[in-house]
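Worksheet: the structure to be examined is printed underneath.
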């Protein structure tokens with residue numbers, strides 16, 4: 001009887017392991033696996049351009065993506081390489097490697113029909129993951145225009161650093177470690193529409209490094225200010 005029970009336990013463990021492997025891990029988080037298959041002079045097929053990802057505009061799954069262009073008053077998903085030039089001037093462009101994704105949220109069809117834009121992927125979060133980190137350039141859009149969700153829950157983003165044309169953001173995710181979850185990057189359209197929101201996105205990664213919650217960072221900053229005030233008071237005294 002003990003042998004049978006042991007065999008059953010081993011069988012269950014093997015099944016669970018196979019199941020996790022079948023679900024797969026997150027792929028193409030730097031968008032470097034892109035293959036550009038033209039649909040027109042400015043459009044490419046979505047699936048080979050964003051392997052492992054699905055794209056949605058206004059909740060409608062996309063079969064094509066823009067290539068080396070951004071829309072003026074439309075919601076769209078683009079992939080850009082080093083052949084892209086910013087028509088608006090200023091910074092922007094490929095953040096790292098050969099390709100960067102651009103999520104644009106504006107209008108679809110008419111000025112009153114605004115549409116959010118989403119990149120989505122479902123897979124297994126690494127068991128050792130403590131944080132999600134990514135590089136983004138918001139092109140003048142507010143951070144509130146970017147919504148990142150994991151397992152259906154919105155993540156609280158913290159700025160960790162910056163480069164010439166990006167900010168490094170992080171969010172604590174230990175609750176999802178080892179779990180299958182849907183990861184969504186959504187750029188929200190303004191309603192009423194005034195202008196598009198643009199987010200250049202790259203270098204998404206699951207990290208073993210922990211991220212302090214914003215409330216913790218706020219308390220730390222407050223503590224530092226109080227300590228500085230106390231030291232200054234003592235010196236004056």
Quiz item: Between a first residue in the stretch 118-144 that is free of Cβ contacts under 8 Å to residues at least 60 places away in the same chain and a second residue that is surrounded by fewer than 15 Cβ atoms within 10 Å (Cβ to Cβ) and part of a loop (DSSP other than H, G, I, E, B), which pairs have beta carbons less than 7 Å apart while being 6 or more apart in sequence or on different chains?
Solution: 127/178
Quiz item: Counting only residues that are at pLDDT 90 or above and within 30 Å of residue 89 (Cα to Cα), how many does the stretch 186-222 have?
Solution: 13
Quiz item: Looking at (1) under 23 Å from residue 39 (Cβ atoms); (2) crowded, with 17+ Cβ neighbours inside 10 Å; (3) modelled with pLDDT of 95 or more, which is the one condition that is false for residue 115?
Solution: (3)
Quiz item: Could you say whether any residue in the stretch 157-164 is within 25 Å of residue 194 (Cβ to Cβ) and either surrounded by fewer than 20 Cβ atoms within 10 Å (Cβ to Cβ) or without any contact (Cβ under 8 Å) to a residue 24 or more places away in the chain (or both)?
Solution: yes
Exercise. State all residues of the stretch 50-61 that are surrounded by fewer than 19 Cβ atoms within 10 Å (Cβ to Cβ) and either in a strand (DSSP E or B) or over 18 Å from the mean Cα position of the chain (by Cα) (or both); if no residue qualifies, say none.
Key: 54, 56, 60, 61
Self-check item: Selection count where residues are in contact with a strand residue (DSSP E or B) (Cβ under 6 Å, 6 or more places away or on another chain) and either free of Cβ contacts under 8 Å to residues at least 24 places away in the same chain or within 14 Å of residue 43 (Cα to Cα) (or both), scope the stretch 76-96
Solution: 5
Quiz item: Of all residues in the stretch 202-212, how many are assigned to a loop (DSSP other than H, G, I, E, B) and at positive phi?
Solution: 0
Practice problem: Return only the number of the condition from (1) loosely packed, with under 13 Cβ neighbours inside 10 Å; (2) modelled with pLDDT of 95 or more; (3) more than 23 Å from residue 54 (Cβ to Cβ) that residue 153 does not satisfy. | Solution: (3)
Quiz item: Right, residue 141: over 18 Å from residue 79 (Cα atoms), at pLDDT below 95 and under 16 Å from the mean Cα position of the chain (by Cα) or not?
Solution: yes
Exercise. Could you tell me whether residue 173 is surrounded by 16 or more Cβ atoms within 10 Å (Cβ to Cβ) and either closer than 27 Å to residue 41 by Cβ or touching a helix residue (DSSP H, G or I) at 6+ places or on another chain (Cβ under 8 Å) (or both)?
Key: no
Self-check item: residue 66 being within 13 Å of residue 100 (Cα to Cα), in contact with a strand residue (DSSP E or B) (Cβ under 7 Å, 6 or more places away or on another chain) and part of a strand (DSSP E or B)
Solution: yes
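The values are calculated or read from the model by the stated rules, or taken from the named source; none is laboratory data. All values derive from a computational prediction rather than experimental measurement. All Cβ positions, even for glycine, are placed from backbone atoms using ideal geometry, and neighbour counts span all protein chains on display.
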